[in-house]
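First up is the structure itself, then whatever we jot down about it.
Quick note: the coordinates plus some simple rules give every number you see, no bench work behind them. Source: prediction; values computed, not measured. Cβ placement follows ideal geometry from the backbone for every residue including glycine, while neighbour counts extend to all protein chains displayed.
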Amino acid sequence: MIRSHRTTRPGRRGVTLLEVLVAIFIAGVGLLALLTLFPIGMTNMARAVNDDRSGHLKPLAAEILKVRDEVVASSQVALADLLQRDTSRAAAHCQQFAIHDGQLTALIQTVDKIRPNLPDQKDRQLAERVSRELTKWRETVRDVKESFRVLAEWEQQKSNPPPNVD
């Protein structure tokens, strides 16, 4: 009895080439749909990093802008007095710039304190630049303060001349 390798069976077994191609097409469409999600995810992640960065620096930036506005306003008043040759308020201007010096020093210390803890290298570099700029502002404020101190001393000497020794 010789059996043939070809046996007829009722019903069919296996898949046809057309079914395999349809399955590959459906899987390809699904993978393409997944691949379109990656750029969206990367965009959202970049936005989240920027939001986190601004969350660390936003309160500090608001304080810096407030101090800057105060320094500018004080400078305008002091300059107006100088242009009118009114040196009587030089001591008051000296005190005001001493306050600004203290505010700027505190801001510099705050920036220097948070700089190492910032999550990103760009944030640390930004904080370093801010610290350098604040230091320049502070030096300018100190120069102006010293000028008004000298002017106040001059005004005091002018109003209280030394007695004549004749």
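Using +1 at the Cβ of each Lys and Arg and -1 at the Cβ of each Asp and Glu in the chain, identify which of Thr87, Ala27, Asn44 lies farthest towards the dipole's positive end.
Selected residue: Ala27.
Residue-wise, which Karplus ³J(HN,Hα) couplings in Hz belong to the stretch 90-98, taking 6.51 cos²θ - 1.76 cosθ + 1.60, θ = phi - 60°, and x for glycine or proline?
With coefficients 6.51, -1.76 and 1.60, one gets 4, 5, 5, 5, 4, 5, 4, 6, 5 Hz.
Starting at 0 and stepping by 10 Å, how many percent of the alpha carbon pairs of the chain end up in each bin?
8, 20, 15, 12, 10, 7, 6, 6, 5, 4, 3, 2, 1, 0, 0, 0
Checking the cross-link filter: which lysines have an alpha carbon closer than 24 Å to that of Lys113, excluding same-chain neighbours under 8 positions apart?
Output for Lys113: Lys58, Lys66, Lys122, Lys136.
So how far apart, in nm, are the two label points at Ile99 and Met42 if each is 7 Å from Cα heading toward Cβ?
5.2
Relative contact order for the stretch 57-157: what percent, with Cα pairs under 8 Å and sequence separation of 6 or more?
37
Please compute the volume of the convex hull spanned by the alpha-carbon atoms of the stretch 99-166 and report it per residue in Å³.
Values: hull volume 5.2 nm³, N = 68.
Hull volume over Cα atoms, normalised by residue count, gives 76 Å³.
Helix 121-159 sits at what angle to the longest principal axis of the chain, using alpha carbons and giving 0 to 90 degrees rounded to 10?
The angle comes out near 10 degrees.
Calculate the dipole size of the chain relative to its Cα centre from +1 charges on Lys and Arg beta carbons and -1 charges on Asp and Glu beta carbons; express the result in debye to the nearest 20.
Values: 24 positive and 20 negative charges, 406 e Å.
Value, rounded to 20: 1960 debye.
Round to the nearest 0.05 the FRET efficiency obtained for Glu139 and Val49 when R0 = 41 Å and r is the Cβ-Cβ distance.
The formula returns an efficiency of 0.75 here.
Based on the mean of other beta carbon atoms within 10 Å per residue, what is the order of 109-118, 125-134, 41-50, most packed first?
125-134, 109-118, 41-50
For the stretch 89-166, with only Lys/Arg (+1) and Asp/Glu (-1) charged at the beta-carbon, what is the dipole magnitude about the Cα centre, in debye rounded to 20?
Values: 13 positive and 12 negative charges, 64 e Å.
So the dipole magnitude of the stretch 89-166 works out to roughly 300 debye.
Quick one: Cα centre-to-centre distance for the stretch 71-126 and the stretch 15-38, in angstrom?
First find each Cα centre; the distance between them is then 64 Å.
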